[in-house]
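A.B. asks: Quick one: the structure is below, questions incoming.
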Ligand SMILES: [Zn+2]
């Protein structure tokens, strides 16, 4: 919900200008390459019992909550590319992923598997010091190890379970990588080219499976300018349908699941919104899994996909100040391309791509993981398919599922292109001595 101002054309290095590349994804990947929970209607309310999804080897918390039945209506015409439930995504991964590896990188508080899809080869060898040590020493290569100049892209979606756009984007990105086309049959040569120039991809379609399973919908009904329902599904609320709301929900972490009503898709089954976990204390299993993965892979760039903006918007993380120039370039890559594709307030890449317009986030998982492993780690907020912030002005409607998917894929494409062309952390911040 921000506006943006002019910038110059983005300088882009050619591949031949980036020294020290060792392993390209193309050497590994041929580049031409609810919970249907029981809805028990009672006169006014619906009771959703999560224990119905218990599976062998997965132990889920048993609790129930009440959501007004109207809030659980789905559209009748859900597009075939709109895969968002845990089951849909898992089935898609099993069926589609051949070039990559599906890996369980952790288990949620509710006992659900957190799955990542990995492409390319990981960094080999280890550094000689901690990330903090490398900053003190003045050369981050001492932390990143012998192949510090490999480029590693990581992205995660559905840290908040009710934010479906990022899941759709991730699933379709995986489809492009695996088949050359998204699930609409559209080719993305820019994505194909970008991944051919990156060494490693790590994609997590559903980071908070507990929160995602808590919302028994594949797709929310579009409600024009009324955002009560998506807000309720995200932040929870009372049995009568009144919302807890944002940011009020953040006053209570962990949230008390014994309260009446619905606790929303933000928290895991321990009641914790992992975007705001206790990062320096005892972490939730989802957060710990992300931290372990980030420590192992040492990504250069992490894109954290959320929903909650009028136009797609990337926030400046509260992390290392030294990474601000890299963030500025990333912002230009993403926002200018969104603008020329009609997915920002104006079609002017100079206006929309100006990083001075980026808001700075608070201390959250993005900054925390930056300080943990040195990655430039940013949150991206998407518009929602469930309501329109534009309808009041009757501007071109950008919340169509097609446009939302286009924005997701353009964001991934441009973020990966940025990483490929700028060479990653070892090139952004050369040794200080
Ligand atoms: Zn979110």
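Read-outs: derived from the displayed coordinates by stated rules, not from any lab. Bear in mind that the values here come from a model prediction, so they are computed numbers and not experimental data. Counting neighbours? That spans all protein chains shown, and the Cβs are built from the backbone with ideal geometry, glycine included.
A.B. asks: Does the range 206-273 come out rounded, prolate or oblate, given a ≥ b ≥ c as the square roots of the eigenvalues of its C-alpha gyration tensor, rounded meaning a/c under 1.5 and, failing that, prolate meaning a/b above b/c? Intermediate results must be reported in sequence, preceding the final value.
C.D. replies: Values: a/c = 1.76, a/b = 1.24, b/c = 1.41.
Because a/c hits 1.5 or more and a/b fails to exceed b/c, the range 206-273 counts as oblate.
A.B. asks: Sort the following peptides by mean Cβ neighbour count (other Cβ atoms within 10 Å, averaged over residues), highest first: 178-184, 231-237.
C.D. replies: Put in order of decreasing packing, that is 231-237, 178-184.
A.B. asks: Can you classify the range 314-433 as rounded, prolate or oblate using the Cα gyration tensor, where a ≥ b ≥ c are the square roots of its eigenvalues, rounded means a/c under 1.5, and otherwise it's prolate if a/b beats b/c and oblate if not? If you can, show how the numbers build up before the last one.
C.D. replies: Details: a/c = 2.29, a/b = 1.84, b/c = 1.24.
Prolate, because a/c is 1.5 or more and a/b exceeds b/c.
A.B. asks: Testing the spin-label approximation: label points 7 Å from Cα along Cα→Cβ at residue 103 and residue 296. State their distance in nm.
C.D. replies: 0.4
A.B. asks: With a cut-off of 19 Å, note down the residues of the range 210-247 whose backbone N falls inside the zone around a label point 7 Å from the Cα of residue 80 toward its beta carbon.
C.D. replies: Inside the label zone: 218-219.
A.B. asks: Let me ask another. Would you list 218, 425, 296 from fewest to most Cβ contacts within 10 Å? Don't jump to the answer; show the numbers that get you there.
C.D. replies: Values: 218 17, 425 26, 296 13.
By the 10 Å Cβ count, ascending, the order reads 296, 218, 425.
A.B. asks: Still on this structure, please answer the following. Take 314, 219, 238 and order them by how many other Cβ atoms sit within 10 Å, fewest up front. Don't skip to the end; give the middle numbers.
C.D. replies: Details: 314 26, 219 19, 238 15.
In order of increasing Cβ crowding within 10 Å: 238, 219, 314.
A.B. asks: To continue, here is another question. Can you figure out the FRET efficiency of residue 87 with residue 184, using R₀ = 30 Å and their beta-carbon distance, to the nearest 0.05? Don't jump to the answer; show the numbers that get you there.
C.D. replies: Details: r = 21 Å, r/R0 = 0.71.
Once the sixth-power term is evaluated, E becomes 0.90.
A.B. asks: How much length is gained if the chain between residue 124 and residue 363 is pulled fully straight, taking 0.36 nm per residue apart and subtracting their Cα-Cα distance, in nm to one decimal? List each step's numbers first, then the result.
C.D. replies: Details: separation 239, 0.36 × 239 = 86.04 nm, distance 3.12 nm.
Here the answer is 82.9 nm.
A.B. asks: Sticking with this structure for a sec: Please work out how much length the chain gains when fully extended from residue 224 to residue 246, using 0.36 nm per residue of separation minus the C-alpha to C-alpha distance, in nm with one decimal. It would help to have the intermediate numbers written out before the result.
C.D. replies: On the way: separation 22, 0.36 × 22 = 7.92 nm, distance 1.94 nm.
Extra length available between residue 224 and residue 246 comes to 6.0 nm.
A.B. asks: Shifting gears a bit: Across the range 77-187, how large is the tail of the calculated P(r) beyond 16 Å, expressed as a percent of all Cα pairs?
C.D. replies: Numbers: 4140 of 6105 pairs.
When all Cα pairs of the range 77-187 are counted, 68 percent exceed 16 Å.
A.B. asks: For the range 154-193, rounded, prolate or oblate, judged on the Cα gyration tensor with a ≥ b ≥ c (square roots of eigenvalues), a/c < 1.5 rounded, else prolate if a/b > b/c?
C.D. replies: On the way: a/c = 3.19, a/b = 2.01, b/c = 1.59.
Because a/c hits 1.5 or more and a/b exceeds b/c, the range 154-193 counts as prolate.
A.B. asks: Taking every pair of distinct Cα atoms and averaging 1/r, then inverting, what Kirkwood hydrodynamic radius in Å comes out for the range 292-340? Before the final figure, lay out each step's value.
C.D. replies: Working: mean 1/r = 0.0791 Å⁻¹.
It works out to 12.6 Å.
A.B. asks: Go ahead and run the numbers for FRET between residue 400 and residue 278, Cβ-Cβ distance against an R0 of 30 Å, rounding to 0.05. Provide the component values of the computation, followed by the final result.
C.D. replies: Working: r = 39 Å, r/R0 = 1.30.
The value I calculate is 0.15.
A.B. asks: Tell me, in nm to one decimal, what length is gained between residue 322 and residue 431 on full extension, where the rule is 0.36 nm per residue of separation less the Cα-Cα distance? Display every interim value, and only then the final one.
C.D. replies: Values: separation 109, 0.36 × 109 = 39.24 nm, distance 1.21 nm.
Here the segment from residue 322 to residue 431 would lengthen by 38.0 nm.
A.B. asks: Using the count of nearby Cβ atoms within 10 Å as a rough guide to exposure, how do 280, 419, 203 rank from fewest to most? Walk me through the intermediate numbers first.
C.D. replies: Working: 280 8, 419 28, 203 25.
Ordered by Cβ neighbours within 10 Å, fewest first: 280, 203, 419.
A.B. asks: Now for a different question. If packing is taken as the mean number of other Cβ atoms within 10 Å per residue, what is the order of 347-353, 106-112, 195-201, highest first?
C.D. replies: Working: 347-353: 20.6, 106-112: 22.3, 195-201: 24.1.
For the peptides 347-353, 106-112, 195-201, the packing ranking is 195-201, 106-112, 347-353.
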